[in-house]
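To start, the structure itself, in structure tokens.
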Amino acid sequence: RKVSHSYTMRLQENYATMNLNDTFSAIRFIFKFTFLFEFIGAILLTIFWHSGSIPIQKTLFLALFHAISAFCNAGFSLFSNSLVTYQFHSPTILIMSFLIILGGLGFPVLFNIYQRFFTKNYSQIKIQTKLALSITLLLIILGTILIFFTEFSHSMIHLSIFEKLKLSYFQSVTTRTAGFFTLSTTLLHPGTIMICIIL
């Protein structure tokens, strides 16, 4: 239907676009991108989570639920201990953190990256995209390092360096925007809790 000028301006502001065509392209992109990455995440999680002890339909449902929850940064889990069962399972950590980061960046940022690198129409990387990417990377790295050192001789004292890094990385990623956990928050050092609050 016809869109008023004021509504057009609001849409452009919401999606950080320059005109109405770009806005509708952004909305189409949101639907396609969301379904694509949630679907890929669900398929990969199904592959890595499936075992002969539970039906494939149940594994698929669990994988789909968690892929959507991760991409939407909801943090809801159907497991009673969130993702503690998979705390050292590298595929789960990588898939879930990738979906969390993608969803956390926001669609205007993702759409700008898509326009710049995956379309024929050349588009510059916007300042908000550069800021979102650089600050996200900085906070993930900084959070990982701080959690690693505060928990090194506390809740992670008996773990290997690689296991400590894995737990620290996921905690840093999920603390900022999602809400899953691979290490029970009741075990965290007060310093780590303060870091999580800041993140």
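Here are some notes:
- Accessible-area ranking of HIS50, HIS158, largest first, probe 1.4 Å: HIS158, HIS50
- The stretch 61-161 shape via C-alpha gyration tensor axes, a/c threshold 1.5: oblate
- Here the chain is treated with +1 on each Lys and Arg Cβ and -1 on each Asp and Glu Cβ, and its dipole about the Cα centre works out to around 660 debye.
- Rounded FRET efficiency, nearest 0.05, which uses the C-beta distance separating VAL3 from LEU142 and R0 of 45 Å: 0.60
- Accessible area per residue (1.4 Å probe, heavy atoms of protein chains only) ranks PHE29, PHE117 as PHE117, PHE29, with the largest value leading.
- ILE161 accessible area, assembled protein chains, probe 1.4 Å, Å²: 90 Å²
- Across ARG10, ARG116, the residue with the most accessible area heads the list, and the full order at a 1.4 Å probe is ARG10, ARG116.
- FRET E, pair LEU60, THR186, Förster distance 25 Å, beta-carbon r, rounded to 0.05: 0.20
- Rg over Rh for the stretch 15-128 works out to 1.07, both radii taken from alpha-carbon positions and Rh defined as the Kirkwood radius.
- In this structure the chain gives 58 Å² per residue of accessible area when probed at 1.4 Å with all protein chains present.
- Compactness of the chain is given as radius of gyration and Dmax, 19.2, 63 Å, from Cα positions.
- Summary of packing: across the peptides 66-77, 178-189, the per-residue average of other C-beta atoms within 10 Å ranks them, highest first, as 66-77, 178-189.
The values are calculated or read from the model by the stated rules, or taken from the named source; none is laboratory data. Quick caveat, the model's predicted, so the values are computed rather than measured. Every residue, glycine as well, gets a Cβ built from its backbone with ideal geometry; the counts of neighbours run over all protein chains shown. Keep in mind that these areas ignore ligands, DNA and RNA; they rest on the heavy atoms of the full protein, side chains included. Shrake-Rupley method; radii C 1.70, N 1.55, O 1.52, S 1.80 Å.
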